[in-house]
Amino acid sequence: MRTIKTLLQLLMLSVVGQSRLPSPQRSHMFSSRSLVYICVTGKVYHSTRSCHGLRNAKHEIRLVSETEAVGEWKRRKCKVCY
C-alpha cells in the first residue's frame, strides 16, 4: 500500500514539477530505470520494500532512483537483497 502511495506521489510530482521538492530529492529523480528503497538514516539501498534489512527501520522509507541512492544519498547495495 505504501508503495502505491509513493508511486502516486512521484507521478503527481512529475505533473506538478520537481522544483517544489527539497534537495536531495530534486535532481536525478527519474534518471535511472530502477527504483530502490532507502531509509533516510540508513547506509544501504534495497531492491524490495520487504527486505529483511528494512524490517527494523524506525525512520521514513523513501522510493528513489538507484542513481540518486548512490550519488546523492551515498548508499551502497544491501547485502541481503542484492
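Data overview
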read-out: Every residue from the range 40-82 that is under 20 Å from I4 (Cα atoms) and among the small types (G, A, S); value: S47, S50, A57, S65, A69
read-out: Subset of the range 29-39 [at pLDDT below 95 and either surrounded by fewer than 16 Cβ atoms within 10 Å (Cβ to Cβ) or among the hydroxyl-bearing types (S, T, Y) (or both)]; value: F30, S31, S32, R33, S34
read-out: Verdict on S47 being polar (S, T, N, Q), modelled with pLDDT of 70 or more and touching a strand residue (DSSP E or B) at 6+ places or on another chain (Cβ under 8 Å); value: yes
read-out: Hits in the range 40-49 (condition: in a loop (DSSP other than H, G, I, E, B) and surrounded by 11 or more Cβ atoms within 10 Å (Cβ to Cβ)); value: G42, K43, S47, T48, R49
read-out: Matching residues, the range 52-66, being part of a helix (DSSP H, G or I) and modelled with pLDDT under 95; value: H52, G53, L54
read-out: Residue in the range 67-77 that is at pLDDT 90 or above, part of a strand (DSSP E or B) and touching an Asp or Glu at 6+ places or on another chain (Cβ under 8 Å) present; value: no
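The values are calculated or read from the model by the stated rules, or taken from the named source; none is laboratory data. Here the structure is a predicted model, which is why all the values come from computation and not from measurement. Note that we place each Cβ from the backbone using ideal geometry, even for glycine, and neighbour counts take in every protein chain shown.
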